[in-house]
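Working notes, structure below.
The values are calculated or read from the model by the stated rules, or taken from the named source; none is laboratory data. These numbers were taken from a predicted model, which means no experiment stands behind them. Cβ placement follows ideal geometry from the backbone for every residue including glycine, while neighbour counts extend to all protein chains displayed.
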Amino acid sequence: MPRIVIIEDDRLISEPVARALRGASYETSIANNGRAGLEMVLNQKPDLVILDIMLPEMDGWEVCKAIRESSLVPILMLTALNEEIDRVLGLELGADDYLSKPFSTRELIARIKATLRRVEFDRAGLTKDQAITVGEIRIDIGQRCVFKNGQKLDLRYKEFELLSLLVAHLGEVVTRAEIFDKVWGTDWLGDMRTLDVHIRWLREKLEDDPSDPQYIQTVRGVGYRFASVGRP
C-alpha cells in the first residue's frame, strides 16, 4: 500500500484528505507543521508527500528544499497562492506538481495516481546500467547522474526524467504529447508551460549558451530533439 505524508496545518483540510486517501487504499500520516513534517518524511520514507506552503515553524518552500537535499520522493504542493511566480518557485525547489486551493479530493487523487505512475515509467528502453556520452555530456542512467566536462550537474527529478527520454531518442524529434505522456502522464492536469520551464532549466545547466542551444533543440510546432553533437 503506497504511503503518503500530508504536511498541512489546517485540520479542516488534512483530515478529510487523509480519510479520502485511506478510502482509496493509501496509507497516510499527518504533520501539522513544517518541521514535524520534514522529520516524518525523512523517517518514514513515503512514496509521496502532500505539502502545504503556508506552514508554522518551517514554510513549504523550506521543507521542499530540505527534502530534496536527500530524497527524490514526489512532492505535490498545495497552495492558495495563484501567482505564476509562486508555482514556478515550487517547481524550482523540486516539487513535482502543485494544486491550488480549493480543490476536490477526486482531482487530488487523480494527481497522486498520475504522479506515482510517472515514478515507475519505463525510460524508453534505457537499461539501469547504461551510460551515454554526447559531446561534453555524460548521462549515467543507473546512478541518475549527469556530468558536463567531468563536473557533476545538480538535476531535479523531473529534469533527469526529461533528459533521459530525449537522450533515449538521440537525434530524433520527441513530440510534446509524447513527452507529457512519458514524463508527466497522459492525465496530467497541470500547467502545460511546465514542459517549457523544465527545458529552460535543462538548457541553463547543459548548454554553454542557453540562448543558442546545441544539445536541446526546439522543433517548432512539434517538440524537442537532443542533438548528437560531437557524439564519439
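Among the residues of the range 150-165, write down those that are touching a strand residue (DSSP E or B) at 6+ places or on another chain (Cβ under 9 Å) and farther than 23 Å from ALA95 by Cα.
GLY150
Are any residues in the range 145-160 under 20 Å from THR115 (Cα atoms) and without any contact (Cβ under 8 Å) to a residue 60 or more places away in the chain, and if so, which ones?
Answer for the range 145-160, where residues must be under 20 Å from THR115 (Cα atoms) and without any contact (Cβ under 8 Å) to a residue 60 or more places away in the chain: LEU155, GLU159, PHE160.
Can you name the residue in the range 196-224 that is among the acidic types (Asp, Glu) and under 23 Å from the mean Cα position of the chain (by Cα) and, of all such residues, is surrounded by the fewest Cβ atoms within 10 Å (Cβ to Cβ)?
Only one residue tops the list, namely GLU204.
Report every pair of residues separated by at least 6 positions or lying on different chains whose Cβ atoms are under 8 Å apart, first residue within the range 161-189 and not assigned by TED's automatic domain parsing to the domain that holds PHE147, second of a type in the set (Asp, Glu) and at pLDDT 80 or above.
none
Quick check: anything in the range 10-27 assigned to a strand (DSSP E or B), in contact with a Pro (Cβ under 8 Å, 6 or more places away or on another chain) and surrounded by fewer than 16 Cβ atoms within 10 Å (Cβ to Cβ)?
Within the range 10-27 (the criterion being assigned to a strand (DSSP E or B), in contact with a Pro (Cβ under 8 Å, 6 or more places away or on another chain) and surrounded by fewer than 16 Cβ atoms within 10 Å (Cβ to Cβ)), the answer is yes, since at least one residue qualifies.
Can you tell me which residue within the range 133-162, out of those that are touching a Ser or Thr at 6+ places or on another chain (Cβ under 9 Å) and over 15 Å from LEU202 (Cβ atoms), is surrounded by the fewest Cβ atoms within 10 Å (Cβ to Cβ)?
Step by step, filter the range 133-162, then rank; the result is GLY142.
If only one of VAL73, VAL49, VAL41, VAL17 is within 25 Å of TRP184 (Cβ to Cβ) and modelled with pLDDT under 95, which one is it?
None of the others qualify; the one that does is VAL73.
Among the residues of the range 163-183, which ones are under 17 Å from ARG203 (Cβ atoms) and within 17 Å of the chain's Cα centre (by Cα)?
The answer is LEU163, SER164, LEU165, LEU166, ARG176, ILE179, VAL183.
Per-residue answers, yes or no, for (1) modelled with pLDDT under 80; (2) among the aliphatic types (A, V, I, L, M); (3) within 15 Å of LEU78 (Cα to Cα):
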{"site": "SER100", "(1), (2), (3)": "no, no, yes"}
{"site": "ILE112", "(1), (2), (3)": "no, yes, yes"}
{"site": "ARG117", "(1), (2), (3)": "yes, no, no"}
{"site": "ARG123", "(1), (2), (3)": "yes, no, no"}
{"site": "ASP140", "(1), (2), (3)": "no, no, no"}
